[in-house]
Amino acid sequence: MLRLQPICPIDGRFGLRGQDEIPLRALQFKRGLLHEFRKGNASKEQIRLHSLVQQIPKAIIIGVRKGGTRALLEMLNLHPAVVKASQEIHFFDNDENYAKGIEWYRKKMPFSYPHQITIEKSPAYFITEEVPERIYKMNSSIKLLIIVREPTTRAISDYTQVLEGKERKNKTYYKFEKLSIDPNTCEVNTKYKAVRTSIYTKHLERWLKYFPIEQFHIVDGDRLITEPLPELQLVEKFLNLPPRISQYNLYFNATRGFYCLRFNIVFNKCLAGSKGRIHPEVDSSVITKLRKFFHPFNQKFYQITGRTFNWP
């Protein structure tokens with residue numbers, strides 16, 4: 001049986017203040033209350049009595065699409081001091097939403113205890129030109145999380161999701177090879193969005209015009225699939241959270257082929273069945289060409305971020 005321990009004060013910018021430390025058991029109760037409120041089963045009076053509020057995120061998972069943003073958000077939600085926005089808000093990348101103002105954005109956030117951290121994820125933020133400045137204007141000291149995978153694999157995964165959507169509507173779609181390689185030049189087609197998204201350094205450089213590299217944390221999306229705990233522990237440290245996620249919270253589901261989440265003795269959760277789609281077979285020469293194309297961008301990405309990956 002998991003021993004419930006008091007939660008330590010949160011250091012730094014997200015710190016708890018002395019007598020305001022929250023017992024882990026109380027936070028678990030709060031999480032249950034928040035769930036009931038979202039379902040409409042808790043009254044506004046209960047929310048007021050428990051000092052629950054809707055907070056602007058102190059950290060945002062800004063990308064990368066098909067890098068593992070949903071898995072990262074769900075896994076971070078294991079931490080009792082973290083509350084997640086369940087849906088992608090698309091506030092900063094959608095002009096219509098952005099025009100509604102910051103109060104509209106805050107109202108889209110879940111209720112939380114004042115000393116919990118709200119986190120949202122919208123992977124379109126990473127590649128949308130206007131977003132860095134908009135987030136900077138909201139909070140210039142915000143923590144930014146970027147989860148990446150090997151660029152060619154990520155591009156194929158991106159294609160696979162779009163392909164599945166087309167097939168559900170009985171529509172035809174080009175093969176990956178035709179989209180990713182320009183038929184006129186036989187070179188990599190940088191106009192294809194799945195390719196452009198995987199040029200991580202190009203997008204990061206735009207963000208670095210507004211935020212120092214210290215405000216970013218790079219998560220290894222490939223490792224998060226096979227060995228999630230070390231990656232989550234690095235994120236805990238980056239967010240100045242006390243270490244609370246343990247191997248107890250993560251168990252490998254052989255049927256699904258990836259890790260599921262254990263919140264407590266009675267509540268487990270696996271990601272949606274749409275995760276871990278089987279990729280179509282892609283011509284090996286195209287994969288080789290793409291990897292060669294991405295290589296110099298990857299090297300620059302390692303240099304900027306200080307994190308090296310074993311990408312070909």
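The values are calculated or read from the model by the stated rules, or taken from the named source; none is laboratory data. Model, not experiment: these values are computed from the prediction. Ideal geometry is used to build each Cβ from the backbone, glycine not excepted, and the neighbour counts take in all protein chains shown. Keep in mind that these areas ignore ligands, DNA and RNA; they rest on the heavy atoms of the full protein, side chains included. Shrake-Rupley method; radii C 1.70, N 1.55, O 1.52, S 1.80 Å.
Sticking with the crude label model, points 7 Å out along Cα→Cβ, report the distance from residue 234 to residue 48 in nm, one decimal please.
Label at residue 234, label at residue 48, 4.6 nm between them.
Report the gain in length on full extension from residue 310 to residue 214: 0.36 nm times residue separation, minus Cα-Cα distance, nm rounded to one decimal. Kindly include the intermediate steps, with their values, before the conclusion.
On the way: separation 96, 0.36 × 96 = 34.56 nm, distance 2.25 nm.
So the chain would gain 32.3 nm between residue 310 and residue 214.
Can you tell me the equivalent ellipsoid semi-axes for segment 218-312? Use √(5λ) from the Cα gyration tensor, largest first, whole Å.
Values: eigenvalues 182, 93, 13 Å².
That gives 30, 22, 8 Å for the three semi-axes.
Working out 0.36 nm times the residue gap between residue 139 and residue 170, then minus their Cα-Cα distance, what length gain in nm do you get to one decimal?
Values: separation 31, 0.36 × 31 = 11.16 nm, distance 4.40 nm.
Here the segment from residue 139 to residue 170 would lengthen by 6.8 nm.
Which peptide among 90-99, 224-233 comes first, and what is the full order, when sorted by highest mean count of other Cβ atoms within 10 Å? Don't skip to the answer; put the middle values down first.
Values: 90-99: 15.6, 224-233: 17.2.
By packing density, highest mean first, the sequence is 224-233, 90-99.
Between segment 130-196 and segment 219-258, how many Å separate their Cα centres?
Using only Cα atoms to place each centre, the spacing works out to 25 Å.
Rank by packing, highest mean first: peptides 171-181, 155-165, with packing defined as the count of other Cβ atoms within 10 Å averaged across residues. It would help to have the intermediate numbers written out before the result.
Values: 171-181: 15.5, 155-165: 18.5.
The densest-packed peptide leads the list: 155-165, 171-181.
What nm value, rounded to one decimal, do you get for the distance between residue 177 and residue 264 when each label is placed 7 Å out toward the C-beta?
Here the modelled spin labels are 5.4 nm apart.
For segment 44-163, what is the convex hull volume of its Cα atoms per residue in Å³?
Values: hull volume 15.0 nm³, N = 120.
That works out to 125 Å³ per residue.
What net charge do the residues around residue 133 carry, taking every other residue with its C-beta under 10 Å from that of residue 133, with Lys and Arg at +1 and Asp and Glu at -1?
Numbers: positive: 134, 137, 206, 209; negative: 129, 130.
Spelling it out: positives minus negatives among the neighbours equals +2.
Excluding residue 118 itself, calculate the net charge of residues whose Cβ lies under 11 Å from the Cβ of residue 118, where each Lys or Arg counts +1 and each Asp or Glu counts -1. Let's see the in-between values first.
On the way: positive: 58, 84, 106, 108; negative: 120.
Overall, the nearby charge balance is +3.
Per the 1.4 Å probe, what fraction of the accessible area of segment 224-312, in percent, lies on carbon and sulfur atoms?
Details: 2810 of 5190 Å².
Accessible surface attributable to carbon and sulfur in segment 224-312 totals 54 percent.
Take each of the peptides 262-269, 66-73, 297-304, average the number of other beta-carbon atoms within 10 Å over its residues, and list them starting from the highest. Mind showing how you got there, number by number?
On the way: 262-269: 11.9, 66-73: 23.2, 297-304: 16.4.
Order by mean packing, descending: 66-73, 297-304, 262-269.
With +1 on each Lys and Arg Cβ and -1 on each Asp and Glu Cβ, how big is the dipole of segment 233-312 about its Cα centre, in debye rounded to the nearest 20? List each step's numbers first, then the result.
Values: 12 positive and 3 negative charges, 23 e Å.
In debye, rounded to 20, segment 233-312 gives about 120.
Give me the accessible area per residue for segment 222-303, probe 1.4 Å, as a whole number in Å². Mind showing how you got there, number by number?
Details: 4730 Å² over 82 residues.
Roughly 58 Å² per residue, with all protein chains present.
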